[in-house]
1. Just one of (1) touching a strand residue (DSSP E or B) at 6+ places or on another chain (Cβ under 9 Å); (2) modelled with pLDDT of 90 or more; (3) not hydroxyl-bearing (S, T, Y) trips up I48, so point out which.
2. Considering each of I85, I81, I95 in turn, give the residue that is farther than 15 Å from M224 by Cβ and out of contact with any helix residue (DSSP H, G or I) (no Cβ under 9 Å at 6 or more places or on another chain).
3. Among the listed residues L155, L200, L149, which satisfies the condition of being at pLDDT 90 or above and closer than 27 Å to F47 by Cβ?
4. Regarding S218, is this residue farther than 24 Å from A8 by Cα and hydroxyl-bearing (S, T, Y)?
5. Return yes when I153 is within 24 Å of N94 (Cα to Cα) and open to solvent by 70 Å² or more (accessible area, probe 1.4 Å) and no when it is not.
6. Under 7 Å by Cβ, and 6 or more places apart or on different chains, what pairs join a residue from segment 52-69 that is without any contact (Cβ under 8 Å) to a residue 12 or more places away in the chain and over 18 Å from F117 (Cβ atoms) with one that is among the aromatic types (F, W, Y) and in a helix (DSSP H, G or I)?
7. Can you run down the residue pairs with Cβ atoms below 8 Å, 6 or more apart or on separate chains, where the first is in segment 94-109 and surrounded by 21 or more Cβ atoms within 10 Å (Cβ to Cβ) and the partner is outside any helix (DSSP H, G or I)?
8. Check off (1) loosely packed, with under 13 Cβ neighbours inside 10 Å; (2) modelled with pLDDT of 90 or more for L179 and give me the number that stays unchecked.
Amino acid sequence: HLVLSIIAFLIVTGVFVTLAQRYKRGIGRMEAPHGILQNMMEVMVVFIRDDIAKPNIQGEKWRTFLPYLLTSFFFILVANILGLIPFAGAPTSNIAVTGVMAFMTFAIGLLYGSSDFYKEIFTGPPDAPLLARVILVPIEIIGLVMRHLALAIRLFANMMGGALIIFSLIALVFIMNVLFGEAAAWGTTVISIGFTVFILLLKLLVAFIQAYVFTILSALFIGMSVEDHHHDDDHGADASARSDFDSRLDAVEDDVEPTTA
């Protein structure tokens, strides 16, 4: 998985260094993009900018975090697709890889977190009684950690699950050979290969979906950390910001969970 992660890194670097050289020459800026690769990459970059970064990160702050979001998306996408290649594997099916990426999102949120974010985490709601704050502060800290832990496990479990299903389908051939003989094994092979091809095609779709899910959730978590709340006397802005974040998070999970499951 370490070697495959390095390969994914080299592929992403090679593609975008090549594209960067084109843009420096004016191709894509002074004139229309050339070729399928540049057009396809520009569409995906614009999608991440306009539909992930801008809506979820306050004001112009999205510009600071767009490079990280782009890097995460394309690295995860390439790493996931490597899992479809025979004798290779998806680095994202290793919890160590997804854990480090989730930790990077966590670290960025802490490093660039606003004063309002830290105040909410360590002091609780300003209008809450002191006893309630004592209870709410640990809950807020645990919730912050668990969100990013779930970010790592979500990607790892989806990619590992697809691999396990394929291994199980192939193993049916050998199980049938041991239990019922060679004829049953040959008969099972046709069904096993058919389902394996179907799962591989589904994994190609999931490769894109999981890259999108990780990126948009990272944008949501970072956006929540860096957001500046405009306090009113009744603290309605804080409640509105939290409600807006919760609704966006619920919308993302409702959209993607049925498909990934």
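The values are calculated or read from the model by the stated rules, or taken from the named source; none is laboratory data. Keep in mind that this is a model prediction, so the values were computed, not measured. When we count neighbours, we look across all protein chains shown, and the Cβ atoms used for this are built from the backbone with ideal geometry, even at glycine. For the accessible areas, the whole protein counts, side chains as well, though only heavy atoms, and no ligand, DNA or RNA atoms are used. Shrake-Rupley method; radii C 1.70, N 1.55, O 1.52, S 1.80 Å.
1. Looking at each condition in turn, I48 falls short on (1).
2. Working: I81 fails: out of contact with any helix residue (DSSP H, G or I) (no Cβ under 9 Å at 6 or more places or on another chain); I95 fails: out of contact with any helix residue (DSSP H, G or I) (no Cβ under 9 Å at 6 or more places or on another chain).
Step by step, each of I85, I81, I95 is checked, and only I85 is farther than 15 Å from M224 by Cβ and out of contact with any helix residue (DSSP H, G or I) (no Cβ under 9 Å at 6 or more places or on another chain).
3. From the options L155, L200, L149, the qualifying one is L155.
4. No; evaluated as a whole, the condition is false for this residue.
5. Details: within 24 Å of N94 (Cα to Cα): yes; open to solvent by 70 Å² or more (accessible area, probe 1.4 Å): yes.
Against the criterion (within 24 Å of N94 (Cα to Cα) and open to solvent by 70 Å² or more (accessible area, probe 1.4 Å)), I153 qualifies.
6. K54/W62
7. V97/H1
8. The single condition L179 does not satisfy is (2).
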